[in-house]
Amino acid sequence: MNNPKTALQKIGNNKDVSVAFIFKNDKLLIGLRNYTPDKWKSISVWTAPGGRCDGGETLETTLRREILEEVGINDLKIIKYLGSVPGAKEGDFVFVFKAETSQEPKLMELEKFSEWKWCKLFEIPPNFINPDTLKFI
């Protein structure tokens, strides 16, 4: 599934997670996600925008929906499929894409996120949710 179009058209399930490393001016967009025990466990971690597939959705549909819901970005330009790794939650599988935007993120889901910011790759905090995904960049 090295072809980005093939990866984007994959039909996901509720264990598939589609995320984007979104870049603007050589900086990566990350958000501070505040989990609660009913969603996973009580923890705050940095993450890239994206989320879990709804039944029957392609990875691309999930990616665009989640990014619009989480940061309000609607001009997402998906550049490349980077690969996949096991998720932070047991049983999950994360599909990672590289993307670009000209827009600024908005804090859309206050119940989940407390901050979105652009950072240089060497500035990514150590409490990034799934460090295995960082090997792709």
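For the chain, with all protein chains in place and a probe radius of 1.4 Å, 50% of the accessible heavy-atom surface sits on carbon or sulfur.
From the square roots a ≥ b ≥ c of the eigenvalues of the alpha-carbon gyration tensor of region 1-103, which class results: rounded (a/c under 1.5), prolate (a/b over b/c), or oblate? Oblate, because a/c is 1.5 or more while a/b does not exceed b/c. Computed on the chain, with alpha-carbon pairs under 8 angstrom and 6+ residues apart, the relative contact order is 32 percent. Counting only protein chain heavy atoms and rolling a 1.4 Å probe, the accessible areas of I78, I30 rank, largest first, as I78, I30. According to a simple spin-label model (label point 7 Å from Cα along Cα-to-Cβ), what is the distance in nm between D26 and M108? Between M108 and D26, the simple spin-label model gives 2.9 nm.
Out of the GluC sites (Glu not before Pro) in region 1-95, which ones are loop residues according to DSSP with at most 13 other C-beta atoms within 10 Å?
On the way: sites: E57, E60, E66, E69, E70, E90; in loops: E57, E90.
Passing sites in region 1-95 are E90.
Taking every protein chain into account, the accessible area of the chain amounts to 52 square angstrom per residue (probe 1.4 Å). Of the cross-linked pairs K39/K80; K15/K120; K39/K117; K89/K117; K5/K41; K24/K112, those separated by over 28 Å at the C-alpha level are K39/K80; K15/K120; K5/K41. What shape does region 49-137 take by its C-alpha gyration tensor, where a ≥ b ≥ c are the square roots of the eigenvalues and a/c under 1.5 counts as rounded, a/b above b/c as prolate, and the rest as oblate? Rounded. Straight-line cross-link partners of K77 among the aspartates and glutamates, defined as a Cα under 20 Å from its Cα and at least 8 positions apart when in the same chain: D26, E57, E60, E66, E69, E100, E104.
Once you have the Cα-Cα distance between N14 and L121, take 0.36 nm times their residue separation minus that, and quote the gain in nm to one decimal.
Working: separation 107, 0.36 × 107 = 38.52 nm, distance 2.97 nm.
Full-extension gain reported as 35.5 nm.
So for the chain: antiparallel DSSP bridges make up what percent, rounded to the nearest 5?
Values: 25 of 34 bridges.
If we restrict to bridges inside the chain, about 75 percent are antiparallel.
The values are calculated or read from the model by the stated rules, or taken from the named source; none is laboratory data. Here the structure is a predicted model, which means the values were calculated and not measured. Ideal geometry is used to build each Cβ from the backbone, glycine not excepted, and the neighbour counts take in all protein chains shown. Quick note on the areas: whole protein, heavy atoms, side chains included, nothing else; ligands and nucleic acids left out. Shrake-Rupley method; radii C 1.70, N 1.55, O 1.52, S 1.80 Å.
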